[in-house]
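Below is one structure, written out as structure tokens, with a few remarks after it.
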Amino acid sequence: MNGKGNFLNRMGVEHEEFALKEVMNHKGDFLNLLKHANYSLKIDLPSDTAQHGVDVEIAHSTTVVAVRYAEGVMIAGDRRATAGTSVIYDRAEKVLQIDKHSVLAISGSPAIAYEIARVLEHSFQYFRRSQLQELSLEGKLRMLSRLIRDNLPMALQGIGGVIPIFALYDLGAADEENGGKIFFYDALGAHFENVNFATTGSGSIWIRGVLRYLSRFGDTPLQEMDEQQATITILRLLDTASEYDAATSGYNARAQIFPNVKTVTRIGVEDISDDELEARYAEAQS
Amino acid sequence: MRDEPYRWIEAIQDRRDYIEDQLRVGSPVVGLTYNEGMVLLTIGRGQRKIFEVHDRIALSAIGHPADIERLRMLVTDTASVQGFQNATEDVNLHRLTNFVLAHTFKQAFESIVGEAYIIKMLLAELGGTSEKNRFTCINYDGNVRTDTTSTVIGGTGAIEEGMQNYLAAASTDTDRDLTAALQLGLETWAVGRELSSREPEDAESEDTQIDTTQMHEIIGVAREDGEIEAGVLEIAQRGTSKFRLLAPEEIEAALP
């Protein structure tokens, strides 16, 4: 028997990593394909670990924020990862590119959130490669809903809740239209389109009102800002959140650690470089 | 039947003759490297023939559409599961060829009571450096051939030999750009088309020379009821997936 380089296969454990014995039509559904390959995404916990749904609070120590600006969506997250009151990592990536035109910003349990992002990325790729077309915008939204809903038992046990923001660019939008879209999810997987901005995480309460104010009464409304204005605004918002929320980091000048900031526009997802963020920070302080 | 070796060998030979007869008129596929990646090119009649398998792996084939689809899904599914369970860097052509495709082809071909796959497959893998680029051709009987700078699949061995000879004589510039690669690919395709239109015994003759005017005529006729299809694995492509199909206007711009 060829273990295909997989130690579990050599040990005779039922874990079919590579040899799909027969071709089945999964209709582009990556989760079905994983099931067919005996790969389980779910973690079985003993029943007595459940909190029976009483006052379960999803830990989401972070701040991620997305704004719709003139060319699409700008989305950013701070870099701090915490465990209780301890800072355990100061370079966490919370804004993850999923495909050429979509980005997931995560708050909540990192292990589950990163796994959801990974499944999502592979699902979109698998659909494109197997069905020879891109998954539709609605299809992408539902895929993420399904993953969040499937994670509900973990969320209810208070150890694996994830509340993400999903931002993408709708290539079906007319040339003169802004195809940038921002979606917010609840723990059950329902998605809501936020027209101009969205924020989540423990620091979000400190900036949601500011976002509303800027969007409604700002000298330049969020949706009319150019990239430079939007970057400065987002850096100021994260700075504000870090001032009041211990789980959100600001700009670390000594170690040169900046937030993750990405743009999602018609040409795709792009990172705003550290050099540019440094220059914008200087402007943001003035 | 396996108890009678002669009958088994005869059955295998009959099967080989049948498959080669079915493949003979298939539209050839040409694979070439260029200065920014690799290109696969053919002229098809409606049915898509060039596919993305994984981040750095593309596939094309000639044969029965149902067999192409079935085996395309097998390799795509396997690469997708492998890339998810381990890492996308662990998906490579060597493993897919040797652990999945070659033995599947061989097993089907030699199981004379079952259905054989009518297919020849060409896979391209974009390496980290140009020296690591690989083309792998898998014959319907599971035999594997690997090349580094160019390759072809055609209906018969004689057609492939004629195309290879043309490529060897014409491709002196290994640092060609995409336009030059597309032009060379089309010319090589025209040689293959010409040979496949001849009677089998004529295709094996030494005379595989056709001039440029003839080539353009062959391409022109093929384009009346078909379309040039080209897919590239591009080093400069943003993101992890390096594959894209060329747009019709990009192909048109490369035509003489």
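Considering only residues of segment A:242-286 that are among the hydrophobic types (A, V, I, L, M, F, W, C) and within 30 Å of A:ALA174 (Cβ to Cβ), which is farthest from the other protein chains (Cβ to nearest Cβ)?
So the residue we want is A:VAL261.
Would you check if B:GLU10 is outside any strand (DSSP E or B) and not basic (Lys, Arg)? Steps first, please.
Numbers: outside any strand (DSSP E or B): yes; not basic (Lys, Arg): yes.
So B:GLU10 passes the test.
Identify the residue in segment A:93-104 that is open to solvent by 10 Å² or more (accessible area, probe 1.4 Å) and farther than 13 Å from A:LYS140 by Cβ and, among all such residues, is farthest from the other protein chains (Cβ to nearest Cβ).
Per the stated criteria, the residue is A:LYS94.
Could you grab the pairs with beta carbons closer than 6 Å, sequence gap of 6+ or different chains, first residue in segment A:127-147 and without any contact (Cβ under 8 Å) to a residue 60 or more places away in the chain, second one outside any helix (DSSP H, G or I) and among the acidic types (Asp, Glu)?
Within 6 Å, the pairs are A:ARG128/A:GLU134; A:ARG129/B:GLU52; A:LEU137/A:ASP170.
Could you please find all residues in segment B:241-253 being surrounded by 12 or more Cβ atoms within 10 Å (Cβ to Cβ) and at pLDDT 90 or above? Quick ask: steps written out before the conclusion?
At the first step, the residues of segment B:241-253 found to be surrounded by 12 or more Cβ atoms within 10 Å (Cβ to Cβ) are B:241-246, B:248, B:250-251, B:253.
Once the filter is applied, which keeps residues that are surrounded by 12 or more Cβ atoms within 10 Å (Cβ to Cβ) and at pLDDT 90 or above, segment B:241-253 yields B:SER241, B:LYS242, B:PHE243, B:ARG244, B:LEU245, B:LEU246, B:PRO248, B:GLU250, B:ILE251.
Could you go through segment A:124-132 and let me know if any residue there is within 14 Å of another protein chain (Cβ to nearest Cβ), in a loop (DSSP other than H, G, I, E, B) and under 30 Å from B:VAL75 (Cα atoms).
The answer is yes, given that some residue of segment A:124-132 is within 14 Å of another protein chain (Cβ to nearest Cβ), in a loop (DSSP other than H, G, I, E, B) and under 30 Å from B:VAL75 (Cα atoms).
For the subset of segment A:105-143 comprising residues that are aromatic (Phe, Trp, Tyr) and under 19 Å from A:HIS191 (Cβ atoms), which member is least open to solvent (accessible area, probe 1.4 Å)?
That would be A:PHE124.
Scan segment B:51-96 residue by residue and report those that are at the interface with chain A (Cβ under 10 Å from one of its Cβ atoms), closer than 23 Å to B:ILE235 by Cα and of a type in the set (Lys, Arg).
B:ARG95
With the structure loaded, tell me whether B:ARG48 is at pLDDT below 95, of a type outside the set (Ser, Thr, Tyr) and open to solvent by less than 80 Å² (accessible area, probe 1.4 Å) or whether it fails that test.
Considered against the rule, which asks whether it is at pLDDT below 95, of a type outside the set (Ser, Thr, Tyr) and open to solvent by less than 80 Å² (accessible area, probe 1.4 Å), B:ARG48 comes out as yes.
Specify which of the listed residues (B:ASP55, B:ASP17) is modelled with pLDDT of 90 or more and under 18 Å from B:TYR140 (Cα atoms).
Only one candidate passes the filter, namely B:ASP17.
Enumerate the strands (runs of 3 or more DSSP E) found wholly within segment A:9-90, keeping only those where 2 or more residues are facing another protein chain (nearest Cβ under 10 Å), open to solvent by 20 Å² or more (accessible area, probe 1.4 Å) and modelled with pLDDT under 60. Full working, then the answer.
Working: elements: A:64-69, A:72-77, A:81-83, A:86-89.
It comes to none.
In the set B:ILE19, B:ILE9, which member is open to solvent by less than 60 Å² (accessible area, probe 1.4 Å) and either farther than 22 Å from B:HIS94 by Cα or within 14 Å of another protein chain (Cβ to nearest Cβ) (or both)?
Details: B:ILE9 fails: open to solvent by less than 60 Å² (accessible area, probe 1.4 Å).
Answer to the selection: B:ILE19.
Here's the yes/no breakdown for (1) modelled with pLDDT under 90; (2) surrounded by 16 or more Cβ atoms within 10 Å (Cβ to Cβ); (3) touching a strand residue (DSSP E or B) at 6+ places or on another chain (Cβ under 7 Å):
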residue	(1), (2), (3)
B:TRP189	no, yes, yes
B:GLU199	yes, no, no
B:ILE219	yes, yes, no
B:GLY231	no, yes, yes
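Which of the residues spanning segment A:92-123 are touching a strand residue (DSSP E or B) at 6+ places or on another chain (Cβ under 6 Å) and in a strand (DSSP E or B)?
Within segment A:92-123, A:VAL95, A:LEU96, A:GLN97, A:ILE98, A:SER102, A:VAL103, A:LEU104, A:ALA105, A:GLY108 qualify.
Name the helices (runs of 4 or more DSSP H) wholly within segment B:57-150 that hold at least 2 residues that are over 17 Å from the mean Cα position of the chain (by Cα)?
On the way: elements: B:65-85, B:93-96, B:102-110.
Passing ranges, in order: B:65-85, B:102-110.
Answer with yes or no whether A:LEU168 is under 28 Å from A:SER145 (Cα atoms) and part of a helix (DSSP H, G or I).
It is false that A:LEU168 is under 28 Å from A:SER145 (Cα atoms) and part of a helix (DSSP H, G or I).
Taking the criterion of being under 18 Å from the mean Cα position of the chain (by Cα) and either of a type outside the set (A, V, I, L, M) or within 14 Å of chain A (Cβ to nearest Cβ) (or both), would at least one residue in segment B:35-42 satisfy it? Full working, then the answer.
Taking segment B:35-42 first, the residues under 18 Å from the mean Cα position of the chain (by Cα) are B:37-42.
Narrowing the set further to residues that are either of a type outside the set (A, V, I, L, M) or within 14 Å of chain A (Cβ to nearest Cβ) (or both) leaves B:37, B:42.
Yes.
Which numbered condition trips up B:ILE112, out of (1) of a type in the set (A, V, I, L, M); (2) out of contact with any Ser or Thr (no Cβ under 6 Å at 6 or more places or on another chain); (3) modelled with pLDDT of 95 or more?
With respect to (1) of a type in the set (A, V, I, L, M); (2) out of contact with any Ser or Thr (no Cβ under 6 Å at 6 or more places or on another chain); (3) modelled with pLDDT of 95 or more, B:ILE112 is out only on (3).
Which residue, of B:THR76, B:THR88, B:THR33, is open to solvent by 30 Å² or more (accessible area, probe 1.4 Å) and not hydrophobic (A, V, I, L, M, F, W, C)? Explain how you work it out, then say what you get.
Working: B:THR76 fails: open to solvent by 30 Å² or more (accessible area, probe 1.4 Å); B:THR33 fails: open to solvent by 30 Å² or more (accessible area, probe 1.4 Å).
Selected residue: B:THR88, the only one of B:THR76, B:THR88, B:THR33 that is open to solvent by 30 Å² or more (accessible area, probe 1.4 Å) and not hydrophobic (A, V, I, L, M, F, W, C).
Pick from A:ALA187, A:ALA246: which is under 19 Å from the mean Cα position of the chain (by Cα) and closer than 30 Å to A:LEU156 by Cβ?
One residue alone meets the criteria, A:ALA187.
The values are calculated or read from the model by the stated rules, or taken from the named source; none is laboratory data. For clarity, every value in this text was computed on a predicted model and none was experimentally measured. Every residue, glycine among them, receives a Cβ derived from its backbone with ideal geometry; neighbour counts consider all protein chains shown. Heads up: the accessible areas ignore ligands, DNA and RNA and are worked out on the full protein's heavy atoms, side chains in. Shrake-Rupley method; radii C 1.70, N 1.55, O 1.52, S 1.80 Å.
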